Amino acid sequence: MASIEENFPRGGTQKKPSEGKAPRRPIEQDNLFDTQYEEGSQKRKRIQEDPGKGKKLKKEKKEAIKANAKDFELLTVEALSEGMLLLGCVKESNDFELVVSLPNGLTGFVQVTHICDAYSKMLNEQVATEELLEDLNSLSDLYPPGMLVRCTVTSMGKTMDGHQSVKLSINPKDVNKALNTTALRSGMLLSGLVSSVEDHGYLIDIGVSGAKAFLPRQKSQSYIKSANKGAELKIGQYLNCLIEEVKNNGKIVRLSITRSEVAAAIATEEQNWALSNLLPGLVVKAQVQKVTPNGISLSFLSSFTGVVDFMHLDPKKAGSYSESQTVKACILSVHPTSKAVRLTLRQVFLQPGTGLGQLASSRIGMVVEESVVKSFHANTGVIFELDDGTLAFAFLKHLSDTKKSFRPGAFKVGSKHRCRIIDYSHMDELALLSLKRIIAAPFLRYQDICPGRVVEGKVLALKPFGMQVKVTDHIRGLVPYLHLADVLLKQPEKKYSVGGEVKCRVLMSNPEEKKLILTLKKTLVMSKFPVLTSYEAAKPGLITHGFIVCAREFGCIVKFYNDVKGLVPKNELSSEPIPSPEKVFYKGQVVKVLVLKCEPEQEKLLLSFNLMSRPVSEAEGEQIPKKNRQMVDVKVLKKKDNGLEVSILSDNVSGDILRRVMCLSDKGGHITLCRKPAMISAVQEEQVVRSFSEIQPGMQLAGYVRNIMSYGVFVEFPFGLAGLAPKADMSDKFVTDTKDHFVVGQTVVANVTSMDEEKQRILLCLKLSEVSSEDHAAESFSFLSQCFEEMKEVRDIMRRRNHSKVAQNLCGLMPGQKLELVVQEVRCDGSAFFSRSCVAGLTVTATRYQLESLVAGQKARVLVLHVDALKSTVHVSLREELLNPKAKRLMENSQHPAVVQHVAEEFAIASLVETGQLTAIPVASHFNDTFRFDSEKLKVGQTLSVTLKTVLTGDHGVLLAVQGPAKKRAFIRSWKESETGEEGLTAVKHSLCLGDVVKGTVKSVRPTYVTVAIDDKLMGSIHTSQILDEVPIGSFPTSRLKAGQKVTARVIGGRDVKTYRYLPVTHPHFTQSIPELSIRPSDLKGDDGTALSPKGDNPSEPLRPYKAGQTVNCFVKKYNAIKMWLEVDITPEVRGRVPQLPVTPHVGLTVALPFGKTGKASIFHLSDSYAEQPLKNFSIGKLVRCCVLSNEDNKIEISLRQSRTNPKSKNKVEDPEVQRIEDVREGQLVRGYVRSVKQSGMVPEVFQSDTASCSHPFPCPLQRKKQTKKEKEQEKQRVEKELSKVEAALMDPNRQPQTADDFDRLVLSNPSSSILWLQYMAFHLQATEMEKARMVAERALKTISFREEQEKLNVWVALLNLENMYGTEETLMKVFERAVQYNEPLKVFQHLADIYTSSEKYQQADDLYNTMLKRFRQEKSVWLKYATFLLKQGRVQATHRLLERALKGLPDKEHVDVISKFAQLEFHFGDPKHAKAIFESTLSSYPKRTDIWSIYIDMMIKHGSQKEVRDIFERVIHLSLAAKRMKFFFKRYLDYEKKYGTSETIQAVKVAALEYVESKSSLAES
């Protein structure tokens, strides 16, 4: 108390003059402090002494922020002005202008007259002389897309539709006009254009008056080789020139364009740049002054400042810029009046002379379904990320169709939108997007519109030359005067008005020149004919619309789309002669034409106006045969789905020639031709009818199938008559589907059954029994002969194709021919493919039936079986009996056994068993014989009897034969007579035989079989083994079928079953035969084609395929609990039992063996390696594999060692068998099991024997000694002492737990202690037993009392840590969700955030903090923890934004404390300067908050200088505060000076305190 009185006296007699007072200095406002702080403290501001001053300060701050944001706004057209210098990129090069891409998505145009003076002079010369100059190159040759150019704005104008148009100039006189000869320095980088080519170099126009710039040739060679592709520089070519030397005060300048030197050029202060002559494209070194979300400001060349908008920040370094950082930048633009400089930090601009990349043209116009918002800029637009990861930008005007419909909230970061790429900004390296209605537009650019497309537009203007049409906002088209209507309009303004909607068709599109020619001719616009846009599409016979562009005496020239033109000769103008075509036809007339001939290479097109008189193409002067029965030769013009389009005797048309084709009918100019031999023969033999009156019932007529319906087929005859064959009269077999029996165009023989004269209808019958003759062999041979004749004709046609190598190879192959080929590939199904030059272009294959064992690359000798000319496939065989046939004399009509080798569509190739010669047999015996059941079809490998019809191969290469009589063998045996003998009951005669494929309906499903109804009287059975090819273990195959399901099955056998159809008294042994079916895919395919033979009567026959030890799949039928076995089925005929073989653990194992035997396995024979618990892996009932060691006296010794059961195994045997004492050597390490423990030692057992010994480390007595009574008593006492020691150790409170049992005892004694539970978890984690640690945590949560909330929370936190370290994200989230339910959510969230941070999972922590801010918005601690996290990560800017959010989310009363806390965090982890600014701004608003002053003083004592601390103390002791508070600050000030100051500073504080006391006393007295 005395010291206080001494330092702060109460009296007031020592009053000093007021001049000694330290003056109060005004507090400066810091720009870093945000306006949100003032906004959050409105209430406290109202009670300040000068509220008007606060409002003024707030307004000034807002204006300053707006001004800063305005500096970083993107460049707009309105911001451009004449004389502004810009860096641009050539986007397009046209004949008369350059389209230049400017920064921030702008576009400008450079006219051809604003390139340079030398280029303009050459243009004027060319115009004056009207001759092309060789030295004058087009703009597209000089300025490729992607080239960077310096340009200046020459004028600003508007287009016809109101859009702004920026006119530019790249003329050096305009760009470098601010430079003079005295300003030129070596090292400067200027833009120049080649003005002339000299012997030793080039004169370069750099635009500086009085200066001549010369480029030596040696300085240009490297550029010419690398960038100019070896070509000389051309007049008007743009160059980036580096000044190497300046002479005569800038009058002579020597330049260099070496790419490496230009790329390394940097503008420096020594080059004496000024704001008046600063040029775009210069690369400078700059320092970052200020970083904002909209961009950064830079200082460069010591005294200049500029800005970089967000588009031109380096994408790889965005977010990492900091103040005072040194960077390289390139100048983008310089404003002529304000001298505002814009720069870019993108790497591509930092090396002058390099070009910019292009966006794929296919991307422009593409609609992106989901583009993600990366950032939203309120005043400019949105940056998106496209589906391929590239960035794109959409301006505000492209985000919505109208301003009213624009909603900024819809463009949050991460939101997805549908947009369309409308352009690409080369300067910004960004695709430009639009979210407006343009997304649904059918086309965006001229490239999107193809000729022939129908478009809609609006009339822009009517000119003398035509109509201008607006198709879209950016696409314009022209309708020439000739195309305003089908006829010429004299006054088109009466028909069309400006702004009216019109529907046009595109005649021609030129995207390069942006020209679109349209037509309004209604006939062309509404035409349904194909659009002819190229000469390649003009196929002979094509009919389309065109318009006449010229009519002369030689004919008419007709024009189509895309400038395709053709000639209509005078003789093709009409069927009648036209002497003067120009008088009949007029220019612009729409006509319908027929293409006669086209030569695309020469662009020649021959047309005709004669359409109806020319159904098929013909040569000039030839007359089409219109008389029926006339035979002609034709050439094939075109193949169609419904036939061939041919030309009759046409020499000027290429195509295959078909001989002897008959004209059947001529309907309305449409001539139908036929080359079917059966039809031609019928016509020639007058076996036809010409009218309905000639038809009589019973007549047989040859015709062809015209149409197939579900109720029957329509057959057409020569001369146009047709009839219907109903479904019932189509075939002798049951017809399920009419399309399975006949095909359209098939030749048939029909029998007339009835007629309806009134309705002119004919009913026909196509049954084979009605139309076939009795001589089936003759019909079959005739059918086969005709088939081979047609094949021969096909070969002749192909042989005439000299240009086709494949056709020649096909014609050179015949059945029976032997070839030497190379195996190309062997398939997994057993088939093989062959190759060699003689079969080039053909597919040569052999099935597995025709093969031996082959490998790829092997040479093989093969025999040709069949040549399929239509499919270019050759079927061969490698069978020995075919390659080496036997010689034998054969006789016609002799019968021989044969084996089918190959089955084609119309015939089969078989080999005679006796000789091996190939013979062909017909598959069908009649035209109507087209449908056969699978059982009737021929199969490869099948043996049958054939009757030879030819004994010489002739031109066919094979013998011709027909099938001999054969009988089917049914597997269903006939019913036996009843034993009573009174009546003979026979079974219903079924036609099923082995291999037949039948269809049926599932009637019932059982576990082991399925019953199927084949028809009303026949039932079949499908065994469970016949359902799948590969049956998964544990599955039920029959469960795949359901009652009522339709199935297709193959007959594989039959069995007799008892039936109760009749009484057992009258028919005691009556049985019924049931067919066994299979629905296995392999059986249904029937690749081998061999019919299955019926099973024999030998009962052992089905067991032959099975051998002892073989593994088979069994289907459980039932379990016999009494006999302890499973009854199983293997196939429908093979059944078995599986006895239960249990394992009984004992001192070793007792194992039940098959056939009722029992074996014992010693403990040493359970494994090849020692195990502490040898019986752990065995249980009663487990199946084991064992090896029998011995069988003596019915005692079977077995071994389960892998070295015994699987001798071929290469696994290392760790503990080999020790069978006798001699196997043990001295020093050998052996492992065994303790047999007994005695006081004198231990007896180990290392092999199966009565005794065993081990010399080390335990003494093992060989003789057992009986213990005395005293020894037994001593043993008992020793055991009791051991137990006492153990109990004492367990009772010791300081003893650390060592086992899980110890921990269990501890948690039982104190179940609510989280420390013990956490130690228990840590014990398991040390042993890497994660699951046990989780179980301990769950036990703890259930055991700890619900009142102990903190203890439970500790366990939850530990469990979260466990899942974070050892679990997955899913398990962690599950535990977290549970923890939130059972604890205070905020604490759980905070703990998880700490866990993420400590484990360096910063992204997860950041996401969690954002979730917490949404859920606990009013909690101050959450904002502070997140701020601490961000500052520790070094994310200072994010912390500043977080403070703004905190002030918006928290109530006003919390604002000051939050600001103070954020400032303290800034002192500890962030920027002390910014923290100091926050404190200063806060104290300026709340000067009487002594707690803030106190904290500020503490922070400054730790982080500031002594001068700064004393300044703060001086400010605070001069505040008008309560005496108690002032006393507190004076005491702190004095303590600080005593610790850090001197005696003078201590005295000064005392004097100031005394002055304060005296001033208060004087006030009290007054």
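The values are calculated or read from the model by the stated rules, or taken from the named source; none is laboratory data. What you see is a predicted model; the values in this text were computed from it and never measured. Glycine also receives a Cβ, built like all others from the backbone with ideal geometry; neighbour counts cover every protein chain displayed. Remember, those area values only see protein heavy atoms, side chains included, never the ligands or the DNA or RNA. Shrake-Rupley method; radii C 1.70, N 1.55, O 1.52, S 1.80 Å.
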Worksheet entry | In order through region 220-228: 3J(HN,Hα) via Karplus (6.51 cos²θ - 1.76 cosθ + 1.60), integer Hz, x for Gly, Pro | 10, 5, 5, 5, 5, 6, 8, 9, 9
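At 1.4 Å probe size, put H417, H776 in order of accessible surface, largest to smallest. Walk me through the numbers before you get to the answer.
On the way: H417 35, H776 100 Å².
If we order H417, H776 from most to least accessible, we get H776, H417.
Show me 1300-1310, 1446-1456 ranked by packing, highest mean number of other Cβ atoms within 10 Å first. All intermediate terms of the calculation are to be shown ahead of the outcome.
Values: 1300-1310: 13.9, 1446-1456: 16.8.
Going by the mean number of other Cβ atoms within 10 Å, highest first, we get 1446-1456, 1300-1310.
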Worksheet item: Excluding ligands and nucleic acids, what accessible area in Å² is computed for W1125 using a 1.4 Å probe, to the nearest 10?
Response: 60
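What shape does region 294-394 take by its C-alpha gyration tensor, where a ≥ b ≥ c are the square roots of the eigenvalues and a/c under 1.5 counts as rounded, a/b above b/c as prolate, and the rest as oblate?
Judged from the Cα gyration tensor, region 294-394 comes out prolate (a/c at least 1.5, a/b above b/c).
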Practice prompt. Let me know the volume per residue of the alpha-carbon convex hull for region 344-487, in Å³.
Written response: 172
Worksheet entry | Other-chain or far-sequence residues with amide H under 5 Å of K587's (modelled H) | none
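Do me a favour and compute the ellipsoid semi-axes for region 687-769 from its Cα gyration tensor, root of five times each eigenvalue, largest one first, whole Å.
20, 13, 12
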Worksheet item: Taking only protein heavy atoms and a 1.4 Å probe, what accessible area per residue, in Å², does region 1429-1566 have with all protein chains in place?
Response: 48
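Keeping every protein chain in place, order H1391, H1023, H1468 by accessible area at 1.4 Å, biggest value first, i.e. largest first.
Largest to smallest exposure gives the sequence H1468, H1391, H1023.
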Worksheet, complete the sentence: So the pair-distance distribution of region 1458-1566, from every Cα-Cα distance in 10 Å bins, comes to percents of 14, 43, 31, 11, 2, 0
Worksheet entry | Built amide H within the under 5 Å cut-off of K515, gap 5+ | N510
Worksheet, complete the sentence: Descending accessible area (1.4 Å probe), largest on the left, turns I1180, I548, I1074 into I1180, I1074, I548
Response to the item:
For region 142-294, inverting the pair-averaged 1/r of distinct alpha-carbon atoms gives a Kirkwood value in Å of 16.9
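List the chymotrypsin sites (Phe, Trp or Tyr not before Pro) within region 424-466 that fall in a DSSP loop (any state other than H, G, I, E or B) and whose Cβ has at most 12 other Cβ atoms within 10 Å. Can you show the working numbers first?
Details: sites: Y424, F443, Y446, F465; in loops: F443, F465.
Sites meeting the loop and neighbour criteria: F465.
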Practice prompt. State, as an integer percentage, the relative contact order of region 756-878 based on alpha-carbon contacts under 8 Å between residues 6 or more apart.
Written response: 21
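Which percent of the accessible area of region 100-249 is formed by carbon and sulfur heavy atoms (probe 1.4 angstrom)?
Working: 3470 of 7000 Å².
Carbon plus sulfur share of accessible area: 50 percent.
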Discussion item. What's the ranking of 1415-1421, 190-196 by average number of surrounding C-beta atoms within 10 Å, highest first?
Written reply: 190-196, 1415-1421
Discussion item. Rolling a 1.4 angstrom probe over the protein chains, ignoring ligands and nucleic acids, what is the accessible area of R1339 in square angstrom, nearest 10?
Written reply: 100
Fill in: For L432, distant residues with modelled amide H under 5 Å away
F393, I422, D423, Y424, S425
Worksheet entry | Per-residue ³J(HN,Hα) for region 1332-1344, Karplus 6.51 cos²θ - 1.76 cosθ + 1.60, θ = phi - 60°, Hz, x for Gly and Pro | 5, 5, 5, 5, 4, 4, 5, 4, 4, 5, 7, 8, 4
Discussion item. Need the full-extension length gain, N1177 to S338, defined as separation in residues times 0.36 nm minus the C-alpha distance. One decimal, nm.
Written reply: 293.1 nm
Response to the item:
Taking protein heavy atoms only, a 1.4 Å probe, and rounding to whole percent, the accessible area of region 524-599 owed to carbon and sulfur comes out at 55
Item to complete: Rounded to the nearest Å, what's the spacing between the alpha carbon centres of region 1437-1513 and region 86-164? Just the number, please.
Response: 59
Worksheet item: With θ set to phi - 60° and the Karplus curve 6.51 cos²θ - 1.76 cosθ + 1.60, what are the ³J(HN,Hα) couplings of region 1173-1185 in order, to the nearest whole Hz, using x for Gly and Pro?
Response: 10, x, 9, 5, 8, 10, 9, 5, x, 7, 7, 10, 9
